[in-house]
Amino acid sequence: MKTFRNFIAGQWTAPSTGEYFDNVNPADTSDVIGRFPLSGEADVQRAVESAARGFERWRHTPAPERGDILRRVGDLIVQRKEEIADAMTREMGKPLTETRGDVQEGIDTAYYAATEGRRLFGHTVPSEMRQKWAMSFRRPIGICGIITPFNFPLAIPTWKMFPALLCGNACIFKPAEDVPHTGTLFVEILLDAGLPPEVIQLVHGIGETVGKAIVEHPEIPVVSFTGSTETGRIVGETCGRMHKRLSLEMGGKNAQIVLDDADVDLAMEGVLWGAFGTTGQRCTATSRLILQDGIHDDFLSQLVDRARSLRLGDGRKKDTDVGPLISEAAREKVERYIDLGQADGADLLCGGRRPEGREYEKGHFFEPTIFARVDAGMRIEQEEIFGPVLSVVRVRTPDEAFRINNGVKYGLSSSIYTRDVTIAFRALNELDNGITYVNAPTIGAEAHLPFGGVKQTGNGHREGGWEVYEFYSETKVGYLDFSGRLQRAQIDNYPGTPD
Ligand code: ADP
């Protein structure tokens with residue numbers, strides 16, 4: 001079995017602890033991908049010392065040159081797309097069609113970042129004084145701690161690290177312990193593309209040790225975290241106490257609304273993809289379906305038939321629709337919610353159990369599940385399950401649908417199917433989410449638009465698009481006074497001041 005290493009101080013190195021963990025395939029737990037380092041605090045410390053040297057060099061590399069390296073990174077990911085997609089499916093389970101999409105997102109993010117190297121705009125604005133210039137420009141910040149989850153093993157690290165690197169920062173990367181192989185391939189590619197070695201550090205290990213050490217390290221001023229709400233709270237408390245710049249992206253309880261006038265076939269495809277794609281393990285997954293009275297019964301019965309016909313299996317097999325959950329703990333969590341939903345009086349229409357059959361015995365599979373007669377306020381309607389479980393709520397009016405959409409603590413994405421342009425625009429205005437889709441499912445963000453949510457989904461920052469570059473850089477203002485005399489801001493420029 002292959003033993004993998006960290007990448008610290010410009011070298012592939014064994015962890016200081018001498019300990020490793022097995023990375024297994026969630027579709028077949030007898031398939032061990034390799035042994036990965038269970039690193040300790042000392043590894044993080046070495047990574048920080050090296051990254052500080054890397055940062056000193058990288059910050060002075062012109063941004064267009066940094067962009068050129070990221071363009072080469074994009075080219076190399078294109079070349080290795082199939083290999084990465086296969087490795088990703090093997091270690092986290094989603095079907096190859098989806099992991100190819102994950103890799104494509106990384107490619108798109110690389111090319112977008114590459115061009116940003118020739119922008120990174122500041123502003124030049126008129127000064128309130130004569131013979132004086134005023135302008136702002138962007139500077140790198142330092143070492144960024146990058147902590148990522150299992151569900152988008154390539155895309156999410158690229159969303160964070162490409163802008164961080166483009167802005168001139170160094171990165172310490174801790175991938176989720178479920179997907180260390182994709183993280184390793186990614187770092188290999190960064191190095192092959194010519195990134196100076198000390199600019200990137202890869203430290204494998206568990207969140208409570210390596211992640212915590214990164215978050216608590218005083219020389220890491222920037223932390224970007226995507227993961228569960230519980231962990232995000234711990235990370236947020238520490239960063240708040242230490243005055244760190246922090247981007248949090250956490251849970252969702254996303255709803256698809258289907259109104260009576262909708263194109264129901266389109267809405268059907270949307271909800272199947274939104275609810276059961278990635279086995280429901282997306283922060284943008286559709287976990288609530290809000291159906292208007294008039295279409296409710298027909299839509300639901302068709303949906304149940306379609307959900308029952310989804311093929312569960314190994315994501316590396318050609319006709320698999322839905323892969324396994326990431327772990328046994330994830331499956332047990334989903335099962336607890338099945339019990340809760342039934343105890344609260346919701347109707348379990350399909351799924352709700354582990355599939356039977358030899359091909360499922362060694363994986364964490366779970367059947368696509370639909371609960372009907374779900375009331376707003378039930379726990380299955382309020383809490384993120386992160387599995388293939390859809391709760392269906394019946395409403396009479398669009399206003400009721402909007403209220404229910406907004407009645408949760410999360411606010412990542414929402415979707416509405418309607419042909420009424422007035423209602424569509426009202427939805428954009430009134431749904432409390434970072435993203436609203438009209439006539440499209442709750443999943444499917446594009447790399448060049450800001451991604452993130454409101455309320456307890458995040459802390460106000462966005463990933464992707466143009467906004468993320470603000471997060472990874474510091475704004476500096478420069479004033480140049482060429483008047484040759486003392487001009488006093490806020491004193492000399494009130495109306496009526498003589499020249
Ligand atoms: P998920 O349930 O999606 O795996 P987690 O929040 O458990 O979400 O994990 C997301 C990332 O956060 C992983 O890389 C994990 O190792 C890391 N992590 C877990 N606990 C901590 C912690 N206390 N401090 C920092 N990072 C952590």
Quick one: length gained pulling residue 60 to residue 133 fully straight, 0.36 nm per residue minus the C-alpha distance? 23.8 nm
Which Rg and Dmax, in Å, describe the Cα atoms of the range 212-286? 18.1, 56
In terms of Cα to Cα distance under 29 Å, which lysines are near enough to residue 132, apart from those fewer than 8 places away along the same chain? 476
Over the Cα atoms of the range 298-339, compute the convex hull volume and normalise it per residue, giving Å³. 81
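Could you provide, to the nearest whole Å², the per residue accessible area of the range 2-81 with probe 1.4 Å?
Accessible area per residue, the range 2-81: 46 Å².
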For the range 108-219, with every protein chain kept in place, what is the accessible area per residue (1.4 Å probe, Å²)? 33
Heavy-atom accessible area of the range 319-363 with neighbours in place, 1.4 angstrom probe: carbon+sulfur share in percent works out to 41
Accessible carbon and sulfur surface of the range 416-465 relative to its total accessible area, %, 1.4 Å: 52
Over the chain, consider all pairs of different Cα atoms and compute the Kirkwood hydrodynamic radius from their mean reciprocal separation; express it in Å, one decimal. 24.0
How much area per residue is accessible in the range 317-455 when the probe is 1.4 Å and only protein heavy atoms are counted (Å²)? 46
Based on the alpha-carbon set only, what is the convex hull volume of the range 1-152 divided per residue, in Å³? 159
If you project the alpha carbons of the range 293-365 onto the principal axes, what extent comes out on each, in Å, largest first? 41, 30, 18
Could you tell me how many cubic angstrom of Cα convex hull volume the range 178-235 has per residue? 99
Helix 293-308 sits off the longest principal axis of the Cα atoms of the chain, rounded to the nearest 10 on a 0 to 90 degree scale, by 90
Using only alpha-carbon positions, what ratio does the radius of gyration of the range 383-458 give when scaled by 2.2 N^0.38 Å? 1.10
Calculate the FRET efficiency for residue 426 and residue 475 from the Cβ-Cβ distance with a Förster distance of 45 Å, rounded to the nearest 0.05. 0.80
If r is the Cβ-Cβ distance from residue 467 to residue 12 and R0 is 22 Å, what FRET efficiency results, to the nearest 0.05? 0.05
Given the C-alpha centroids of the range 237-291 and the range 400-449, what is the distance between them in whole angstrom? 10
Angle between the chain longest axis and helix 41-58 axis [Cα atoms, degrees, rounded to 10]: 50
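Taking all pairs of different Cα atoms in the range 296-439, averaging 1/r and flipping that mean, what Kirkwood radius in angstroms comes out?
In the range 296-439 this quantity evaluates to 16.7 Å.
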What's the angle, to the nearest 10 degrees (0 to 90), between helix 81-92's Cα axis and the longest principal axis of the chain? 60
Are any of the pairs 94/317; 81/317; 94/318; 81/362 more than 19 Å apart by Cα-Cα distance, and if so, which? 81/362
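Return a whole-number percent for the relative contact order of the chain, with Cα pairs under 8 Å and 6 or more residues apart as the contact set.
18
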For the range 350-499, compute Rg over Rh where Rg is the Cα radius of gyration and Rh is the Kirkwood radius from the inverse mean 1/r over Cα pairs. 1.25
What's the carbon and sulfur percent of the range 81-203's accessible surface, probe 1.4 angstrom, rounded to a whole number? 53
FRET efficiency for residue 266 and residue 483, using Cβ-Cβ distance with R0 set to 41 Å, rounded to 0.05: 0.05
Report the label-to-label distance for residue 49 and residue 336 in nanometres (one decimal), using points 7 Å from each Cα along the Cα→Cβ vector. 4.1
Candidate lysines - alpha carbon under 19 Å from residue 212, same-chain residues fewer than 8 apart omitted: 160, 174, 244
Antiparallel bridges, percent of DSSP beta bridges restricted to the chain (to nearest 5): 40
Return the Rg/Rh value of the range 119-165, two decimal places, where both radii are evaluated on C-alpha atoms and Rh is the Kirkwood radius. 1.27
Any chance you could run the full-extension gain for residue 86 through residue 22? It's 0.36 nm times the residue separation minus the Cα-Cα distance, nm to one decimal. 21.2 nm
Determine the calculated [θ] at 222 nm for the chain from helices alone, applying -39500 (n - 2.57) to every DSSP H run no shorter than 4 residues and normalising by the residue count; nearest 500 deg cm²/dmol. -11500 deg cm²/dmol
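The values are calculated or read from the model by the stated rules, or taken from the named source; none is laboratory data. Predicted, not measured: the structure shown is a model, and the values here were computed from it. Methodologically, a virtual Cβ is constructed for each residue, glycine included, from the backbone with ideal geometry; neighbour enumeration extends over all protein chains shown. Just the protein is used for accessible areas: all its heavy atoms, side chains included, with ligands, DNA and RNA removed. Shrake-Rupley method; radii C 1.70, N 1.55, O 1.52, S 1.80 Å.
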